[in-house]
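One structure below.
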Amino acid sequence: MRIRCALLLCTALLMPVPASAAPVAGLFLGLQVGFSGVALGVTASTAFTIGYTVGAFFSTTLGSLLLNAGLNLAIAALTRPSAPTIEAARVTSRNVDSPRWQAGGPVMVGGANGPFGEHDADGNFWFITAHADAEMTGEPTYMLDNIAVTLSDGTDGFTAGDVLTDEFCLTEENDPYEGSGTKVPQFRLYTVTPTAAQVYGDLPEDFTDAFPNLPSDFRLAGVAFTIMRCSAVALEHYSKVYRWRGSFSLGEPAVAVYANFNRMYDPRNGDHDIGDPATWTPSDGNPAIVWAWFRTSPFGRNRPMGEVNWARVAQQADLCDQTVLDRTASPIPRYRCGVAFPDNKPRAECEAELLLTCDGFVVYDDEGRAWPRVGVYEVPGLTFSAARDVLSEQVQVVDDGETAVDGVVVNYISPHHGYTKQPCAPWRNTAYYDGTREPNYLTLDILGCQSHNQAVRLAKAIGLRSAATQRVGLGVTIKGILAAGERVINLDLDDEVQGEYEIVTPVEQDPTGMAASFAVVPMQSDRFDLGAGEEGPPPALTPALDIDDTIEIAANVVVTAVPVATSGGAAVRLEATFDDPARVDRIFRFRYRTGTTAHEYFVSDMEEGQARSAVVDDGLVYRVSWQTITAGGRATDWSDERDTPEFVDVIATADPTAPADLLAFAAADGVGESEITFETANDAALVAVSIYRGTTPVFGDASLVTTRIVGANSTQSIVIGGLSAGTHYFWATPINGSGVAGTAAGPDTATIT
């Protein structure tokens, strides 16, 4: 008996969630009830009825019964509140009850920061991030606060494990490192992992030296983890180092690692001994190999190695290794995966989630051994015809435009977006969508997938299956038992229902063993491959905004020496004025020094537009330079250290008033010398007299000969020798305590013979 009907919008596929039964029950209920269940559209007098699952295939959403492809269990688990998903594995947590993770293949994980966090005797902060109960193989890639970082290998002048990425380094002067100056790493990472030969990883010597009183049995058995050392830093520079979002809330960065986890037995590798895990090597994420590992792992399904058909696993692994071309015509493997499962997630759900990455399902051979059938097109080896094999049938035809779902979007983990969940380009079902309206997509997570092209191919396979143009339920002869574990059959009912069809429900056997039933949808030879233009663009990266992130430097800087009154008398300090910065989150910082002494710093008042030093020594020359600091801790180079240096040299002057003029001044003739005499005025500020000599009457051409310390009301004489014959011009200038000169007396001439 055949029923043809159009699915109305109100009954069309909305979401792939079972109508009633829980996921596990939905998986097995049909097999338990068999043919005594529902026979939709088939009368009770019919000699043979379609089984329960096939009947439910028409009465519920199709997605809830795509059992052969492993979708019922997985989709139900992924669309209801449940244990954390792979995406949550990359989050670093400090919860005491953080779940323990099992990881397989290349995957990004964060972890739990509960095991250890302490300062050592030198003030360095150490903490441990536990990643997964798995061996971390190969060289991991680290991300600190979602920033991919470069680590020293110990051959570049730094210590192995030092984080060399600029954002995590300072200069020798404790300024943020921005490409110039000496780089000083502030963080160091130590990777620790168990191995097949040792259940715990050896703690680094630096760590045990820093904490010599740690118990000898301080070990994280079976756990891959990272130890981070955060350098001690002076309090005034603390914010330049501790400015991240780690779970200790000290400003330390959160640690996440992308690594290839766990060694896995690969039957294709002749060096692998199935009984000796030490001979196994890391998987590159081949889903068939990862499935076999999880199936047999004590922390996975924990099944004996002998319950896996390893020859079939090898065959399916080769299919996963097939090369396809992405939208840029670059070759990539057909299927890859990286998985991480918390211990509180049912293992069956974990396995189904893993199988989603290759559109696979589990098959059992005649000896009861399991193997995964991955999503590739296969030429069918079985044919079912109306004339010989089909006892009853039910057909639904979905007319164009009568489905509420126009395509599928798969959320995957994108390496190009910091290993976060991203939607793939939608695969659109051209059988229904005409492009004239807003499309409605079915969206589901396949977070073990890390390839955009693979995600779109999975979306296409799921879309063609879950929104097929035909749905056919079959009751067949005992021959139907042969269809168990197959993906594709040839079907010949009539001119409209014939060709290759995919089995989308379990093959249910009649209790008598004389008949079977299952449901099918049309199969396309390109079901698992993309045609030209089908992939679509991947999710856009964060746009490179053309934002001017340069840091302005102080403009119109004027530095002066300002006398100040103190209890000890007149003193002097330095002051700088400048234009207001364009942004309020900028601070202009000033420093000064005299000669080769260490720098000292001004106090900046950005609201007043000025900066002031402490009291400085009177009469000395000081060099003043400046830099800009942002609220986020970035800083420019000091102005006197730039390619084009800029600075101000200023004389510190406590008393700017010039001393009184000399009362008398004379230069006497002589032989090879001249005696200079002068008389100072009654001025307490006068502390010295400078004598100048020249060969012309222009004071500007004269040179300083000597300076005599004198007081007020003093008459002095100075003999200037070593003079050549001829006329010489002399001047005398009074000087106050701040080095300010008064009016020069002279010139007075002396004839030298």
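Some notes on this structure:
- For the stretch 263-277, a tally of residues being among the aliphatic types (A, V, I, L, M) and in a loop (DSSP other than H, G, I, E, B) returns 1.
- Condition check for Arg303: surrounded by fewer than 23 Cβ atoms within 10 Å (Cβ to Cβ), over 25 Å from Thr129 (Cβ atoms), in contact (Cβ under 8 Å) with a residue 60 or more places away in the chain and among the charged types (D, E, K, R): yes
- Scanning the stretch 664-691 for residues that are within 20 Å of Gly619 (Cα to Cα) and touching a strand residue (DSSP E or B) at 6+ places or on another chain (Cβ under 9 Å) gives Asp683, Ala685, Leu686, Val687, Ala688, Val689, Ser690, Ile691.
- Residues located in the stretch 646-689, provided they are in contact with a Leu (Cβ under 7 Å, 6 or more places away or on another chain), in contact (Cβ under 8 Å) with a residue 60 or more places away in the chain and in a strand (DSSP E or B): Val650, Glu673, Ser674, Phe678
- The stretch 101-215 holds strands (runs of 3 or more DSSP E) entirely within its bounds, and those carrying 1 or more residues that are within 30 Å of Ile413 (Cα to Cα) and of a type outside the set (S, T, N, Q) map to 101-109, 125-132, 136-144, 187-192.
- Being hydrophobic (A, V, I, L, M, F, W, C) and within 24 Å of Val572 (Cβ to Cβ) is a property that Ile691 lacks.
- Within the stretch 328-359, the residues that satisfy the criterion of being small (Gly, Ala, Ser) and free of Cβ contacts under 8 Å to residues at least 24 places away in the same chain are Ala329, Ser330.
A quick yes/no check of all residues on (1) touching a residue at least 60 places away in the same chain (Cβ under 8 Å); (2) assigned to a loop (DSSP other than H, G, I, E, B):
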| position | (1), (2) |
| --- | --- |
| Glu367 | no, yes |
| Gly375 | yes, yes |
| Pro380 | yes, yes |
| Val408 | no, no |
| Asn411 | no, no |
| His416 | yes, no |
| Gln422 | yes, no |
| Ala425 | yes, yes |
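- Residue in the stretch 611-632 that is touching a His at 6+ places or on another chain (Cβ under 9 Å) and under 30 Å from Leu464 (Cα atoms) present: no
- For the stretch 307-335, filtering for residues that are assigned to a strand (DSSP E or B) and touching a Phe, Trp or Tyr at 6+ places or on another chain (Cβ under 8 Å) leaves 1.
- Residue that is modelled with the lowest pLDDT [pool: residues in the stretch 121-163 that are surrounded by 15 or more Cβ atoms within 10 Å (Cβ to Cβ), within 17 Å of Thr191 (Cβ to Cβ) and in contact with a Leu (Cβ under 7 Å, 6 or more places away or on another chain)]: Ala130
- Counted residues, the stretch 440-465 - those being in a helix (DSSP H, G or I) and polar (S, T, N, Q): 2
- Selection status of Ala571, more than 30 Å from Ala685 (Cβ to Cβ) and either at pLDDT below 85 or aliphatic (A, V, I, L, M) (or both): no
- Looking only at the stretch 278-301, residues that are under 13 Å from Asn262 (Cα atoms) and part of a loop (DSSP other than H, G, I, E, B) come to 9 in all.
- Listing of strands (runs of 3 or more DSSP E) fully contained in the stretch 466-577 that carry 1 or more residues being within 21 Å of Val398 (Cβ to Cβ), of a type in the set (A, V, I, L, M) and touching a residue at least 40 places away in the same chain (Cβ under 8 Å): 470-477, 488-492, 498-503, 515-522
- Residue pairs whose Cβ atoms lie under 6 Å apart, sitting 6 or more positions apart in sequence or on different chains, and linking a residue in the stretch 583-606 that is part of a loop (DSSP other than H, G, I, E, B) to a partner that is buried (at least 19 other Cβ atoms within 10 Å of the Cβ), are Thr594/Tyr622; His599/Arg591; Phe602/Phe590; Phe602/Ala611; Phe602/Ser613.
- Which numbered condition Thr171 misses (of (1) more than 21 Å from Phe225 (Cα to Cα); (2) buried (at least 20 other Cβ atoms within 10 Å of the Cβ)): (2)
The values are calculated or read from the model by the stated rules, or taken from the named source; none is laboratory data. Fair warning: this is a prediction, and the values are worked out from it, not measured in the lab. A quick note on method: Cβ atoms are made from the backbone with ideal geometry, for glycine too, and the neighbour counts reach across all protein chains shown.
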